[in-house]
Amino acid sequence: MRHHGGNIQTSERLQLAQALLADGRWHTTLEVARAARTEAAGSTIGDLRKIGLDVETRYAGESAEGRKMYQFRLILDYGKKGSPIKTKYPSGQMDFLRTNIGGMAVVKCP
């Protein structure tokens, strides 16, 4: 099946967003936009989902201006060191590996 979200191996925007979310913590729309160097954080999150990453969304309330705010996080498989990141595609369509280097999560793309 062909997806139309982009290719993480060639898209710096997707690589940057995925690297931010790789810690498994909640990140705001603004954080994703800044990390990915884009104004379209929602589209970037959508593209990460299209390529198979399991990104969770939660409502974070309203801003002072009354705008709805959301947060995102990547659902990780916290198995042993070097375990693959959980994706929607168990066939291994996305083949990321998570390792710890000096206490910092690093995601390697093939």
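When the criteria are applied in full, LEU20 meets the requirement of being modelled with pLDDT of 95 or more and not in a loop (DSSP other than H, G, I, E, B). Regarding THR10, is this residue touching a strand residue (DSSP E or B) at 6+ places or on another chain (Cβ under 7 Å) and outside any helix (DSSP H, G or I)? Judged against the criteria, THR10 is not a match.
On the stretch given as region 31-50, residues that are within 9 Å of the chain's Cα centre (by Cα) and either surrounded by fewer than 14 Cβ atoms within 10 Å (Cβ to Cβ) or among the hydroxyl-bearing types (Ser, Thr, Tyr) (or both) total 1.
The values are calculated or read from the model by the stated rules, or taken from the named source; none is laboratory data. Nothing here was measured: the structure is a model prediction, and the numbers come from that model. FYI the Cβ positions are ideal-geometry reconstructions off the backbone, even for glycines, and counts take in every protein chain you see.
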